[in-house]
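Reviewing the structure listed below.
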Amino acid sequence: MQGLSENTQRTYAVYVNAFRKWLDGRDPSVEEGDAFLASLKENGSKRNTIGVAGRALRKAFGIAVAIPSIEMSEPCYLMLDQVKKLIDKAPTLLDKTIIIVTFSSACRISEILNLTVADLELDKGVAAVTRKGGRRERVALGQQGTEALRTWLKKRHTRSKRVFMDYTYNNIYYRLKLVGKKAGIPDFAPHQLRHSRVMHLRDAGVDWPDISEICGHTKGDTTIKIYGRRRAEERSKLLVDF
């Protein structure tokens, strides 16, 4: 499924395979797709899960199944002291480096893991990453991200052309989840590093168009839609008494 991130492809594949099993030899159709999604609901799947499954069927089979609208949950992001605690509690240089580079650059974990040594321009504090859809883009690593990569490259022992060798998204996801528990953040998910960096930059006074460019979004309103929402407790501070 072209144009999708590796993580999205893996997620879609789960529902595509489940649907094929559901069909049991029957041809895929809108009716079959709708019935499959209904069965997910009956078995306790949440609204957003059914929405993802429906999008997977549309993408893989070209059938216009009915998809529920996505419920926007409150954003989950970390305060700067929590990010620093994650870095402090990271048990290995690998974990520490990935946390620092991901947060500093505001890149996706997958974009960082796919880096090769040839992609790095550490003398300029820059790296070339592959964005969603395969688009190549040079990004700023930030001072901390650059120094973390310098240290990592000196310490690692491998001939691999990949900066982080053969570690996959799943490998790193579970490693960083464990770091989150050690840091007292049991619900931590690696993608929160990107979200948290965006909010950190915004709170520091960086304008949305500049943040959008840092994130690699081709449309500025995408950045605000994804990252511009605040938690209810924070929005309450914006309300004026009457």
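Miscellaneous remarks
- Within a Gaussian network of the chain (alpha carbon springs, distance under 10 Å), most fluctuating of I63, I211, I98: I63
- Residue-level accessible surface for R150, protein heavy atoms, 1.4 Å, Å²: 90
- Rounded FRET efficiency, nearest 0.05, which uses the C-beta distance separating D207 from R47 and R0 of 22 Å: 0.05
- Solvent-accessible surface of the chain, averaged per residue with a 1.4 angstrom probe and all protein chains in place: 59 square angstrom.
- Rolling a 1.4 angstrom probe over segment 91-242 with all protein chains present gives an accessible area of which 53% lies on carbon and sulfur atoms.
- For the chain, the calculated P(r) over all alpha carbon pairs, in 5 Å bins from 0 to the bin holding the longest distance, is 1, 6, 11, 15, 16, 15, 13, 10, 7, 4, 2, 0, 0, 0 percent.
- Using only side-chain charges placed at the Cβ, +1 for Lys and Arg and -1 for Asp and Glu, the dipole size of the chain relative to its Cα centre rounds to 760 debye.
- Solvent-accessible surface (1.4 angstrom probe) belonging to S45, in square angstrom, nearest 10: 40
- Estimated [θ] at 222 nm from DSSP helical runs (n ≥ 4, -39500 (n - 2.57)) normalised by residues in the chain, nearest 500: -17000 deg cm²/dmol
- For the options I224, I112, I100, a Gaussian network treatment of the chain with springs between C-alpha atoms closer than 10 Å singles out I224 as fluctuating the most.
- Cβ-derived FRET efficiency at R0 22 Å, K154 paired with K124, nearest 0.05: 0.75
- Three-way shape label, segment 113-242, alpha-carbon gyration tensor, a/c 1.5: prolate
- The count of lysine pairs in segment 91-242 with alpha-carbon distances below 16 Å, taking only pairs 8 or more places apart or on different chains, stands at 6.
- GNM result for the chain, Cα springs below 10 Å: residue of S212, S69, S196 fluctuating most strongly: S69
- Think of the chain as a dipole: +1 on every Lys or Arg Cβ, -1 on every Asp or Glu Cβ, centred on the Cα centre; then among A35, L141, Y77, L141 lies furthest on the positive end.
The values are calculated or read from the model by the stated rules, or taken from the named source; none is laboratory data. Worth saying up front: this structure is predicted, and the values here are computed from it rather than measured. Cβ: placed from backbone, ideal geometry, glycine included. Neighbour counts: every protein chain shown. What goes into the accessible areas is simple: the full protein's heavy atoms, side chains included, and nothing from ligands, DNA or RNA. Shrake-Rupley method; radii C 1.70, N 1.55, O 1.52, S 1.80 Å.
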